[in-house]
Amino acid sequence: MSNSSAFEQFTSTQKINADVLLTLIRSACNGLERLTALNMTAARDFLNVAVANTQKILDVKDVSELSRLNLSQPSLEKWLDYSRNVHDLATSLQKELTSVAEGQYEQLSRTANATLDKTKNAPGGDVLTATVKSFMDGYGRAFEQISQMSKQASALTEANMQAVANATKAAIGKK
């Protein structure tokens, strides 16, 4: 391999790495921006509910009316909406990052296979080929396990969110 070919391969690899890093940074910034907007909206909504509840309490003429006020339901509904939105945001960001990781894995596999094709007939190429294939197999299994664990965690969180929502709705008498 000539010096200019090695340099071109090096710069190409660095460009790919920079593109991946920029994609990850963009995803993180977009996620942070969406979370900030969600938090601002939630803070405004919670403040509006608190003001409305305060107004309801101030409008009470008789102490017996206090027991008929339903002050917790709007707050609980807002909290459930907020929790669901945070979960959806986290799930979306996880999918974006997984997509980037899958793309990187596919690129690494293609590069490794192309390199193996070029070196398998060289002296010692069979040892290099076996080593790289072993590495790629282990990397592939690890990536698959991480991907499965991530999906299981997401499914468990989804089930827990649904259970909390159902329990809260039942507690406030809403079907």
Taking LYS174 and the conditions (1) at pLDDT 75 or above; (2) closer than 29 Å to LEU35 by Cα, which numbered condition does it fall short on, given that it satisfies the others?
(1)
Going through region 122-175 in order, the residues found to be loosely packed, with under 11 Cβ neighbours inside 10 Å, of a type in the set (A, V, I, L, M) and under 30 Å from PRO74 (Cα atoms) are ALA155, LEU156, ALA159, ALA163, ALA167, ALA170
Which numbered condition ASP88 misses (of (1) over 24 Å from SER147 (Cβ atoms); (2) among the acidic types (Asp, Glu); (3) surrounded by 14 or more Cβ atoms within 10 Å (Cβ to Cβ))
(1)
Would you confirm whether or not region 133-154 contains a residue that is more than 30 Å from LEU108 (Cβ to Cβ) and either of a type in the set (Lys, Arg) or part of a helix (DSSP H, G or I) (or both)?
no
Do we have ALA90 as part of a helix (DSSP H, G or I) and of a type outside the set (Val, Ile, Thr) here?
yes
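Do you know which residues across region 56-79 are hydrophobic (A, V, I, L, M, F, W, C) and surrounded by 14 or more Cβ atoms within 10 Å (Cβ to Cβ)? Even if it seems obvious, please write down each step before you answer.
Kept after step one, since they are hydrophobic (A, V, I, L, M, F, W, C), are these residues of region 56-79: 57-58, 60, 63, 66, 69, 71, 76, 79.
Matches in region 56-79: LEU71, LEU76, TRP79.
The values are calculated or read from the model by the stated rules, or taken from the named source; none is laboratory data. Just so you know, these numbers come straight off a predicted model, no measurement behind them. Cβ atoms come from the backbone with ideal geometry, glycine included; neighbour counts cover every protein chain shown.
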